[in-house]
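The values are calculated or read from the model by the stated rules, or taken from the named source; none is laboratory data. Values in this document were obtained by computation on a predicted structure and should not be read as measured data. Heads up, the Cβs are rebuilt from the backbone with ideal geometry, glycines too, and the neighbour counts pull from every protein chain shown.
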Amino acid sequence: MKNIILKTEIPGPKSKELLARRAAALPSGLGKSTEVCVESALGALVQDVDGNQLIDFAGGIGMVNLGHRPQAVVDAIKEQLEKQIHTGALVTTFESYLEFAELLNSLTPGNFPKKTLLANSGSEAVENAVAMAKYYTKRPAIICFEGAYHGRTMLTLSLTSKYGLFKKGFGSYAQDIYRFHSPNIYRRPKSMTEEEYIDFCIERFDQNLISHVDPSAVAAIIIEPVQGEGGFIPVPKRFLEKIRQVCDTHGIVFIADEVQAGAGRTGKFLSIEHSGVVPDVVTMAKSIGSGLPISAITGKAEIMDAPHLGGVGGTYSGSPIAVAGAMATVKELVKPEFLNRATEVGNIITSRLKAMQEKFNCIGDIRGLGAMLVVEFVKNQDTKEPDMDFAMAVIKKSVSKGIILIRAGLYTNCIRFLPPIVITDEQLHEGLDVIEESIAEVLAGK
């Protein structure tokens, strides 16, 4: 191993001390996917407090596509710190907010006037997008999809699927939320071809517009072009085109949630660009800020302008520090060489995982777009019965060997691959070697 350096077990003694303090000081509901306690990070490598060096295949759940501590971002933050931290976009105007909004207006799909509102998190971005769609249409209902993840606020949790993990015990949710079936090609009925299944999903969509909610009541349809928490499921182009057609016919706002799939991860700046379908509003967060708390809502000017004066905004929204880092980040993310590298990283991971799939009957599916990929573990490739215990065992084994991994999927039986796009081929193959070895050892009962 050239990049993984293990001086202690993981967690080591210092990490165990921190984990004990975490258990005493933080709410137990704040989950942690690994027991890695970070001292520093750079590129695709993470050093823990015990001196171990690990390769990061989780990327902060897609938050650091540009890698940990990219120099251009660090320099931009330092420069901004010498000017001002935050005077408040609701109180004053500063050029960096305008420049970043202009950049996002130019980068997002659609040949129409656009405007951008900045916020602090993906949840806030979705909240604002939905609120503006309701204000613009004067309608109450929102359509979302099975398997979706849109956040943890009351509204976004109402939109989120996967009840047991995210919603159980938190009480009542927002009204007028209608959840439709979303295509999952891997789990389609055996009797259907892919195209027949997509036809079936479109037919169900039309039926739901009669049985669930009338289009005249719908303010917005929100969808992740590649589902994140749901298991990195790319939404078929024809299904996205159907949503666009319904929105055009009935005056509904089409919101693309690009919080996880966006910002260069899939080989394009936004994942919906692969389909050619143009949404009305896009929500972005995570990697646009390289880990800084910033999100953006970019959409048609008439929709963004709909709320009354003072109806949108927040105290920390548009923080000059976060904006400086985001501006530097996005300028790097949209470079052709970066987007090409995302495709290359995805091709390497896919090729290696396909080879593993031929060796191991426990691998049911490999899917995603660009460098946003998952492997789905099953008890048998023919029955496709989910095996969440196996996925967790592989993660634990891999982490102990120096790879940071996290799960995903409706059944929590998938492992995500979200390494920083700046990862080297050597680091990538080293990490994949560890994962392959871990799968074999778990199968062998080691």
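Answer yes or no as to whether ALA393 is surrounded by 15 or more Cβ atoms within 10 Å (Cβ to Cβ), under 22 Å from the mean Cα position of the chain (by Cα), outside any loop (DSSP other than H, G, I, E, B) and modelled with pLDDT of 95 or more.
It is false that ALA393 is surrounded by 15 or more Cβ atoms within 10 Å (Cβ to Cβ), under 22 Å from the mean Cα position of the chain (by Cα), outside any loop (DSSP other than H, G, I, E, B) and modelled with pLDDT of 95 or more.
Condition test on LEU117, is it free of Cβ contacts under 8 Å to residues at least 24 places away in the same chain, of a type in the set (A, V, I, L, M), surrounded by 15 or more Cβ atoms within 10 Å (Cβ to Cβ) and not in a loop (DSSP other than H, G, I, E, B)?
No; evaluated as a whole, the condition is false for this residue.
GLU9 is checked against (1) in contact with a strand residue (DSSP E or B) (Cβ under 8 Å, 6 or more places away or on another chain); (2) under 13 Å from VAL399 (Cβ atoms) and fails just one. What number does that condition carry?
It is condition (1) that GLU9 fails.
Exactly one of these conditions fails for ALA306: (1) over 21 Å from VAL64 (Cα atoms); (2) under 22 Å from the mean Cα position of the chain (by Cα). Give me its number.
(2)
Please determine, by comparing only the residues of the range 128-187 that are in a helix (DSSP H, G or I) and of a type in the set (Lys, Arg), which one is farthest from ALA261 (Cα to Cα).
Filtering the range 128-187 for residues that are in a helix (DSSP H, G or I) and of a type in the set (Lys, Arg), the one farthest from ALA261 (Cα to Cα) comes out as LYS134.
In the range 72-93, what count of residues is obtained for those that are surrounded by 17 or more Cβ atoms within 10 Å (Cβ to Cβ) and within 7 Å of PRO320 (Cβ to Cβ)?
2
Take the conditions surrounded by 13 or more Cβ atoms within 10 Å (Cβ to Cβ) and not in a helix (DSSP H, G or I) and apply them to GLN47. Does it pass?
In short, yes.
So, in the range 313-340, exactly how many residues are outside any loop (DSSP other than H, G, I, E, B) and of a type in the set (Lys, Arg)?
Adding up the residues that qualify gives 1.
Within the range 132-151, work out how many residues are surrounded by fewer than 20 Cβ atoms within 10 Å (Cβ to Cβ) and not acidic (Asp, Glu).
Narrowing the range 132-151 to residues surrounded by fewer than 20 Cβ atoms within 10 Å (Cβ to Cβ): 134-135, 138, 140, 146.
In the following step, the residues that additionally are not acidic (Asp, Glu) were identified as 134-135, 138, 140.
Selection size over the range 132-151: 4.
For the range 273-310, give me each residue that is assigned to a strand (DSSP E or B) and without any contact (Cβ under 8 Å) to a residue 12 or more places away in the chain. Spell out how you get there, then give the answer.
Filtering the range 273-310 for residues assigned to a strand (DSSP E or B) gives 281-284, 295-300.
The answer is none; no residue qualifies.
Go through (1) surrounded by 19 or more Cβ atoms within 10 Å (Cβ to Cβ); (2) part of a helix (DSSP H, G or I); (3) touching a residue at least 60 places away in the same chain (Cβ under 8 Å) for GLY230 and report which single condition fails.
Single failed check for GLY230: (2).
Looking for something at pLDDT 95 or above, assigned by TED's automatic domain parsing to the domain that holds GLU79, within 16 Å of GLU102 (Cα to Cα) and surrounded by fewer than 24 Cβ atoms within 10 Å (Cβ to Cβ) - is there at least one such residue anywhere in the range 306-315?
Taking every residue of the range 306-315 in turn, none turns out to be at pLDDT 95 or above, assigned by TED's automatic domain parsing to the domain that holds GLU79, within 16 Å of GLU102 (Cα to Cα) and surrounded by fewer than 24 Cβ atoms within 10 Å (Cβ to Cβ).
Go through ASN52, ASN65 for me and flag whichever is in contact with a Lys or Arg (Cβ under 6 Å, 6 or more places away or on another chain) and more than 27 Å from LEU333 (Cβ to Cβ). If you could, list the steps in order and put the result at the bottom.
Details: ASN65 fails: more than 27 Å from LEU333 (Cβ to Cβ).
Of the residues listed, the single one that is in contact with a Lys or Arg (Cβ under 6 Å, 6 or more places away or on another chain) and more than 27 Å from LEU333 (Cβ to Cβ) is ASN52.
Those residues that are more than 20 Å from the chain's Cα centre (by Cα) and within 20 Å of GLY289 (Cα to Cα), I need them from the range 329-353; list them, please.
Result: LYS335, PRO336, GLU337.
Every residue in the range 186-212 that is surrounded by fewer than 17 Cβ atoms within 10 Å (Cβ to Cβ), in contact (Cβ under 8 Å) with a residue 24 or more places away in the chain and under 24 Å from the mean Cα position of the chain (by Cα), please.
Selection gives TYR186, ARG187.
Of the residues in the range 210-264, how many are within 20 Å of TYR411 (Cα to Cα), out of contact with any strand residue (DSSP E or B) (no Cβ under 6 Å at 6 or more places or on another chain) and of a type in the set (S, T, N, Q)?
Qualifying residue count, the range 210-264: 1.
Starting from residues that are in contact (Cβ under 8 Å) with a residue 12 or more places away in the chain and closer than 25 Å to GLY228 by Cα, keep the ones in the range 5-36 and report whichever is nearest to the chain's Cα centre (by Cα).
Checked the range 5-36; the qualifying residue nearest to the chain's Cα centre (by Cα) is SER33.
With ALA129, ALA133, ALA119, ALA148 as the choices, which residue is modelled with pLDDT of 95 or more, under 15 Å from the mean Cα position of the chain (by Cα), of a type in the set (Gly, Ala, Ser) and assigned by TED's automatic domain parsing to the domain that holds GLY299? Walk me through it before giving the result.
Working: ALA129 fails: under 15 Å from the mean Cα position of the chain (by Cα); ALA133 fails: under 15 Å from the mean Cα position of the chain (by Cα); ALA119 fails: under 15 Å from the mean Cα position of the chain (by Cα).
None of the other options fit; the residue is ALA148.
In this structure, does LEU270 turn out to be surrounded by fewer than 19 Cβ atoms within 10 Å (Cβ to Cβ), touching a residue at least 12 places away in the same chain (Cβ under 8 Å) and closer than 29 Å to ILE321 by Cβ?
no
Any residue at all in the range 424-438 that is under 26 Å from HIS274 (Cα atoms) and not in a helix (DSSP H, G or I)?
Scanning the range 424-438, I find at least one residue that is under 26 Å from HIS274 (Cα atoms) and not in a helix (DSSP H, G or I), so the answer is yes.
Please state which of the following conditions GLY368 fails to meet, knowing it meets all the rest: (1) within 25 Å of SER287 (Cα to Cα); (2) outside any strand (DSSP E or B).
Only one criterion is unmet by GLY368, namely (2).
When you go through PHE112, PHE166, PHE180 one by one, which is the residue that is among the aromatic types (Phe, Trp, Tyr), crowded, with 20+ Cβ neighbours inside 10 Å and in the same structural domain as VAL277 (by TED's automatic domain parsing)?
From the options PHE112, PHE166, PHE180, the qualifying one is PHE180.
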